[in-house]
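Okay, so here's the structure we're looking at.
The values are calculated or read from the model by the stated rules, or taken from the named source; none is laboratory data. Everything quoted here is computed from the prediction, not taken from an experiment. Heads up, the Cβs are rebuilt from the backbone with ideal geometry, glycines too, and the neighbour counts pull from every protein chain shown.
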Amino acid sequence: MNDSKIDLLVIGAGPAGLGAAIEAAKRGVKVLVVDENAKPGGQLFKQIHKFFGSKEHMAGTRGFTIGEMLLEQAREYGVMVMLNTLAWGFFANNVVVVKQHDQSYSIQAKKVVLATGATENTLSFKGCTKPGVMTAGAAQTLINLSRVTPGEKILMVGTGNVGLIVSYQLMQAGAQVVGILDAAPVVGGYDVHANKIRKAHVPFYLGHTVVEALGKEEVIGASIAPVDCNFKPLEKEGFFVECDTICLAVGLSPRLDLALNAGCPSTYEPLLGGSMPWHDQRMRSMEDVYVAGDVAGIEEASTALEEGKLAGVAVADELGLLAKEEQGVIYEEIQSRLDKLRSGLYGDKRRQAKLDLIERGCTR
Amino acid sequence: MIANKLIADIHCIEPIPCNPCETSCPFGAITIGSDITNLPVVHEDLCRGCGICLAVCPGLAIRLLQMDNGNNRAIVAFPYEYHPLPQKGDLVTVVNMEGLPLGQGTVTRLQKPIKNDPTQLVFVEVDPSIAQEVRSMERLKDNDLEEELIICRCEEVTRKEILNAIQKGDHSLDAVKRRTRAGMGLCQGKSCSKLVSRMICEQTNITPDQLAPASKRQPVNPISLKTMASTSDKPLFRDLDALARELDNEVK
Ligand SMILES: Cc1cc2nc3c(=O)[nH]c(=O)nc-3n(C[C@H](O)[C@H](O)[C@H](O)COP(=O)(O)OP(=O)(O)OC[C@H]3O[C@@H](n4cnc5c(N)ncnc54)[C@H](O)[C@@H]3O)c2cc1C
Ligand code: SF4
Ligand code: SF4
């Protein structure tokens, strides 16, 4: 290992990763950020809608603009950002191996922040491997980054915020959303997001699920059916919906592969996406390794950013770069912004889940 | 009608040109006569309930009926030409002429009355109050089709294979992975691991919080061996300033 050691390596250039990089670099930490994508910003660069929150959370600003602002700030503070760079391994002594094209490099860092985000959940039903069945995030990448619509008639599965937002954006991109369904009897996401597509007369099939993707070689329709109290479809009451694309927006799971390889303890929290690396109040998962954002529990871009900042400050603190007057205060500041984000009908539960998790200590 | 023995009961209501029921009955219990469009008549005293006419009738218009089997239960038999077949002892939903459910019945017997002919008769014990109306049963769901569903796309592992593994005692993500390769493919379990955990929990009394995530191996994403081998003696940067300059150039 003849590579020089850097202070902080951040894996993932989404809001969490950039937040950590900025806060650490601001205080004099030498930071390198790697991300596998050609563009930094993580999920933000696909998000053309305006965000919720308050002014301090950049509410009312569109996701991709927030991404650009973060990137600008990161550059200002001298953060180095390597794109098209995949971190493929995490070995002893904080050695992370990354690759660019077909060249692989090892990097040793004093501290590492894992901000690797999440992966989308899928469903398995008859015909689900046909072309035309995809996750909502994939559809969002197609319309907002590649600028092509995946199809003309879309059936959306899942009424969480992702399902609602992506439905709306698919319509903005010119497609028709022939329906949105959810096994639950109520809409999962924010009402205001739901109303955006209600106003466009998109039918909601609540208490329904998709039974089969129909079509010989590609999707030409879906058979959907109401579910019983055990969420099993009542197939006899099923009916046909014509569509050429079925989008699955059925939740996200923390992308914990690198964290597990690093040796982070894992824990389980259904409200935050299932299995995830455990972390303490300052986002530390184990010695020298921090987690932040969706990988530390599925939430939102705004919370990811704040968690990233928390991790960045904690790294600066451990490296002895936190100014005296900031000690203690800065954590409280960030925590109070986080608490504000984790309030209300949905947020309260997540706040409690985070508290429980931290209190529980690492269980596995 | 004779209540305590199985007798053919024909629901043939149109004068169509057809008479195999008459010619097939080994006991001469059905009469149509010289005009082939006559409606069939069953001679209850001659009928022995052998079921041959049920399997022969191209219209599936004949059933066997016994209103009282001695235990205050009725027996109905009807031809059934779908897959999968019910098994003896199964509870099935019996239906009327419109296919509407009448209630439940227990399958007491399966029979193929004609050699080399696949038509099966299903004998169902039902409550006498509904027996007169029973014409068939609700089609059974094809579990095979369901079990052919692919759960792990990368390694094309089906629901059936995973169910088998769980039945054999693989009660963790790693155990299922070792036996079936589910989760070993290109995406390294990113799309299937939640589906597999759900199946393990459904089939056992394990709860999701008790299931550890599958162990993750490096490289966490697929890379070529050549790339991996290129790692050791290639320093990424001599010093940070050089790297910063390089990245700066890239941006410009
Ligand atoms: C469709 C959709 C709509 C949303 N709408 C909103 C909204 O309105 N408001 C809101 O607050 N939130 C919203 N969110 C949630 C928000 O986008 C996420 O919570 C947030 O982006 C999480 O940030 P992150 O930094 O943790 O992860 P990400 O933004 O996912 O970034 C992680 C980055 O790490 C990279 N990476 C991962 N592993 C590696 C590796 N091994 N090597 C190199 N790079 C790696 C990834 O490619 C990615 O670029 C939405 C999410 C989706 C999917
Ligand atoms: S059940 Fe047998 S005996 Fe009775 S009418 Fe049919 S073929 Fe003849
Ligand atoms: S074989 Fe069936 S359809 Fe033909 S006459 Fe007899 S009962 Fe009617």
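Report whether or not residue A:307 is more than 16 Å from ligand 3 (Cβ to nearest atom) and not in a helix (DSSP H, G or I). If you could, list the steps in order and put the result at the bottom.
Values: more than 16 Å from ligand 3 (Cβ to nearest atom): yes; not in a helix (DSSP H, G or I): no.
When the stated conditions are applied, residue A:307 does not pass them.
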Q | Residue within the stretch B:27-35 that is under 26 Å from the mean Cα position of the chain (by Cα) and within 16 Å of ligand 2 (Cβ to nearest atom) present | A | no
Q | Matching residues in the stretch B:55-68 - criterion: being modelled with pLDDT under 95, more than 8 Å from ligand 3 (Cβ to nearest atom) and buried (at least 20 other Cβ atoms within 10 Å of the Cβ) | A | B:55
Q.
Please go through the stretch A:97-110 and give me each residue that is buried (at least 22 other Cβ atoms within 10 Å of the Cβ) and more than 10 Å from every other protein chain (Cβ to nearest Cβ), ordered by number.
A. A:109
Q. Any residue in the stretch A:341-348 that is buried (at least 23 other Cβ atoms within 10 Å of the Cβ) and under 30 Å from residue B:192 (Cβ atoms)?
A. no
Q: For residues that are within 12 Å of another protein chain (Cβ to nearest Cβ) and over 20 Å from the mean Cα position of the chain (by Cα), tally how many sit in the stretch A:1-37.
A: 13
Q. Out of the residues in the stretch B:28-38 that are in a loop (DSSP other than H, G, I, E, B) and surrounded by 13 or more Cβ atoms within 10 Å (Cβ to Cβ), which is nearest to ligand 3 (Cβ to nearest atom)?
A. B:32
Q) Can you tell which of A:11, A:48, A:6, A:22 is crowded, with 20+ Cβ neighbours inside 10 Å and over 13 Å from residue A:308 (Cα atoms)? A) A:6
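Being under 29 Å from residue A:166 (Cβ atoms) and either within 12 Å of ligand 1 (Cβ to nearest atom) or touching a residue at least 12 places away in the same chain (Cβ under 8 Å) (or both) narrows it down to one residue among A:98, A:113; which is it?
Numbers: A:98 fails: under 29 Å from residue A:166 (Cβ atoms).
Step by step, each of A:98, A:113 is checked, and only A:113 is under 29 Å from residue A:166 (Cβ atoms) and either within 12 Å of ligand 1 (Cβ to nearest atom) or touching a residue at least 12 places away in the same chain (Cβ under 8 Å) (or both).
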Q: Find all pairs meeting these conditions: Cβ atoms under 6 angstrom apart; at least six residues apart or on different chains; first residue within the stretch B:14-31 and more than 14 Å from chain A (Cβ to nearest Cβ) and under 14 Å from residue B:59 (Cα atoms); second residue near ligand 2 (Cβ under 10 Å from one of its atoms) and outside any helix (DSSP H, G or I).
A: B:21/B:30; B:21/B:40; B:21/B:57; B:22/B:30
Q.
Can you say whether residue A:167 is within 11 Å of another protein chain (Cβ to nearest Cβ) and in contact with a Cys (Cβ under 9 Å, 6 or more places away or on another chain), as far as the supplied structure shows?
A. no
**Q.** Single residue of the stretch B:139-152 satisfying the filter (at the interface with chain A (Cβ under 8 Å from one of its Cβ atoms) and part of a loop (DSSP other than H, G, I, E, B)) that is modelled with the lowest pLDDT
**A.** B:141
Q | The one condition in (1) more than 27 Å from residue A:237 (Cβ to Cβ); (2) modelled with pLDDT of 95 or more; (3) buried (at least 19 other Cβ atoms within 10 Å of the Cβ) that residue B:132 fails to fulfil | A | (3)
Q | Whichever residue in the stretch A:265-303 is more than 25 Å from residue B:193 (Cα to Cα) and out of contact with any Leu (no Cβ under 8 Å at 6 or more places or on another chain) and, among such residues, is surrounded by the most Cβ atoms within 10 Å (Cβ to Cβ) | A | A:284
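What is the residue count in the stretch A:59-88 for residues that are more than 14 Å from chain B (Cβ to nearest Cβ) and either within 7 Å of ligand 1 (Cβ to nearest atom) or buried (at least 20 other Cβ atoms within 10 Å of the Cβ) (or both)?
4
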**Q.** Residue that is surrounded by the most Cβ atoms within 10 Å (Cβ to Cβ), among those in the stretch B:1-27 that are within 12 Å of ligand 3 (Cβ to nearest atom) and not in a loop (DSSP other than H, G, I, E, B)
**A.** B:8
**Q.** For residue A:44: the one exception among (1) near ligand 1 (Cβ under 7 Å from one of its atoms); (2) more than 13 Å from chain B (Cβ to nearest Cβ); (3) within 14 Å of residue A:116 (Cβ to Cβ); (4) among the aliphatic types (A, V, I, L, M)
**A.** (3)
Q) When residues of the stretch A:129-146 are filtered for being within 16 Å of ligand 1 (Cβ to nearest atom) and either facing another protein chain (nearest Cβ under 8 Å) or assigned to a helix (DSSP H, G or I) (or both), how many remain? A) 9
Q. Does any residue of the stretch A:80-88 turn out to be on the phi > 0 side of the Ramachandran plot, of a type outside the set (Gly, Ala, Ser) and at pLDDT 90 or above?
A. yes
Q. Taking only pairs six or more apart or across chains, which ones have beta-carbon atoms under 9 Å, a first residue in the stretch A:63-76 that is in contact (Cβ under 8 Å) with a residue 24 or more places away in the chain, and a second residue that is outside any helix (DSSP H, G or I) and of a type in the set (Lys, Arg)?
A. A:63/A:50; A:67/A:39
**Q.** Counted residues, the stretch B:51-101 - those being in contact (Cβ under 8 Å) with a residue 24 or more places away in the chain and part of a strand (DSSP E or B)
**A.** 17
Q.
Being farther than 20 Å from residue B:214 by Cβ, within 14 Å of chain B (Cβ to nearest Cβ) and among the small types (Gly, Ala, Ser) is true for just one of A:262, A:213. Which residue is that?
A. A:213
